[in-house]
Amino acid sequence: MSAPVLVTDREALAAELARRPGRRAVVMTMGALHAGHLALVSRAREVADVVVVTIFVNPLQFGPGEDLDRYPRDLEGDLARLAEVGADVVLAPAPEVVYPDGEPAVRVSAGPFGEVLEGASRPGHLDGVLTVVLKLLHLTAPDVALFGRKDAQQLAAVERMVRDLDVPVEVLGVETVREPDGLAMSSRNAYLTPEERERALALSRALRAGEQAAREGARAVLAAARAELAQAELELDYLALVDPATFAEVDPGAQGRAILALAARVGSTRLIDNVEVRLGG
Ligand code: PAF
């Protein structure tokens, strides 16, 4: 496959897009690409003629004291990885290109998504995500936008934004890619020491335990996951069983699809993961 064309400003992006007719897909990333991102790009390749990847570490979605400055950046490596899976255009803009007037005065509100789980733990984070996602949708004008299910709350909030604000794009969720031992792929895994990485396996173990208890209902799912986490050396932020569309916690007697989601700090690294479960028989 050939190397993607790299553009860094709006004019060059518009010119590249104008040259490429057909159904267009966008995969938005913050770079430091791993197999999870590449799976999104490969899926995009299957559903569209033109694949655009954005690489932008969005300052708006990082809170004070979070890892904006140390977030891993590797544009050269990212471009090499993207050449292997066949992206056509890569937009890697500086913050001034995305936010020419500085911090935007008007932002997208994540509404109730901003008040629970990731929204509650990271105030303003989902507003920052939705604001940049909407801007990047305007700039890349795709027919379809692909997002990983690992950030399930982000995906649900994007789907809701697209419906509520009549954004003309199809949103496609793509399964989480895991290491052979179960650890969900994440750019933040790069922060883990070998010993922390071992401890981080408790996240996927807890989700698996919850999944296995799904037939017995919501209480059993949470109890099984909690029992696994109780033995783990990590600082749990949240563990919750939520409705996949709204991210509101499900009732103890709920049946059908739900998402078991958790966030935890392993050393100084905050990790999230989730799994979809089917409650009841
Ligand atoms: O999931 C991410 O990497 C980011 O939140 C996104 C969607 C690229 C917006 O900055």
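The values are calculated or read from the model by the stated rules, or taken from the named source; none is laboratory data. This is a predicted model, so every value here is computed, not measured. Cβ sites come from the backbone with ideal geometry, for glycine too, and all protein chains shown count toward neighbours. Side chains are part of the model used for accessible areas, which takes the heavy atoms of the whole protein and leaves out ligands, DNA and RNA. Shrake-Rupley method; radii C 1.70, N 1.55, O 1.52, S 1.80 Å.
Some points to look at:
- With one equal scatterer per alpha carbon and no solvent term, the Debye-computed log10 I(q)/I(0) for region 13-62 at 0.29, 0.31, 0.32 1/Å reads -1.08, -1.13, -1.15.
- On full extension, the segment bounded by Leu68 and Glu170 gains 33.8 nm, given 0.36 nm per residue less the C-alpha separation.
- q = 0.08, 0.15 Å⁻¹, the chain: log10 I(q)/I(0) [Debye, one scatterer per Cα]: -0.34, -1.19
- Taking every protein chain into account, the accessible area of region 139-179 amounts to 45 square angstrom per residue (probe 1.4 Å).
- The H on the amide N of Val5, modeled in the peptide plane, is under 5 Å from the matching H of Val89, Val90, each at least 5 residues off or on a different chain.
- Within-10-Å neighbourhood charge of Ala224 [Cβ basis; K, R +1; D, E -1]: 0
- The fraction of all Cα pairs in region 2-88 landing in successive 10 Å bins from 0 to the largest distance is 16, 47, 30, 7, 0, given as whole percents.
- Förster radius 25 Å - calculated FRET efficiency between Arg257 and Ala190 (Cβ-Cβ, nearest 0.05): 0.20
- For Glu96, the solvent-accessible surface with a 1.4 Å probe is about 120 Å², rounded to the nearest 10.
- Normalised per residue, the volume of the convex hull around the Cα set of region 60-159 (Å³): 132 Å³
- Long-range tail of P(r) for region 69-225 (Cα pairs > 27 Å, %): 37 percent
- Shape index of region 132-281: Rg/Rh, with Rg the Cα radius of gyration and Rh the Kirkwood radius from the inverse mean 1/r over Cα pairs, equals 1.01.
- Rolling a 1.4 Å probe over the protein heavy atoms of the chain, with every protein chain left in place, gives an accessible area that is 50 percent carbon and sulfur.
- Nonlocal amide H pairs with Ala232, under 5 Å, H built at 1.01 Å: none
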